[in-house]
Amino acid sequence: IGKLGHLSKYLSITVFTLLTVIESVRLYLGHYGNLSCRVPELAGFLMLTTLMQMPLVTFFLFNPYLENTPTEIILHAGLWIIT
């Protein structure tokens, strides 16, 4: 992170924090909605996946200013394909 500009540093930290929080909420909604057969929770799970998580993972995957290692690229691509 030492070579990145200030804006890229703050954006990366913010996106990673948002991704962590959204992933926790998304997994909870999916698990709870699936076990209790509740459609609103499953709808929230799908909306968080498509509207929030996909753009954030896309930021990490396709940002040319981040110097990603091959491991990071593989992990982000896997997460992008799964979601």
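The values are calculated or read from the model by the stated rules, or taken from the named source; none is laboratory data. For clarity, every value in this text was computed on a predicted model and none was experimentally measured. No Cβ is skipped: glycine too gets one built from the backbone with ideal geometry, and neighbour counts run over all protein chains shown.
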Query - Condition check for LEU27: modelled with pLDDT of 90 or more, aliphatic (A, V, I, L, M) and surrounded by fewer than 13 Cβ atoms within 10 Å (Cβ to Cβ) - result: yes
Query raised in the report: What is the residue count in segment 30-67 for residues that are assigned to a loop (DSSP other than H, G, I, E, B) and over 15 Å from VAL15 (Cα atoms)?
Result: 5
Requested in this report: Return yes or no: is THR20 loosely packed, with under 12 Cβ neighbours inside 10 Å and part of a helix (DSSP H, G or I)?
Outcome: yes
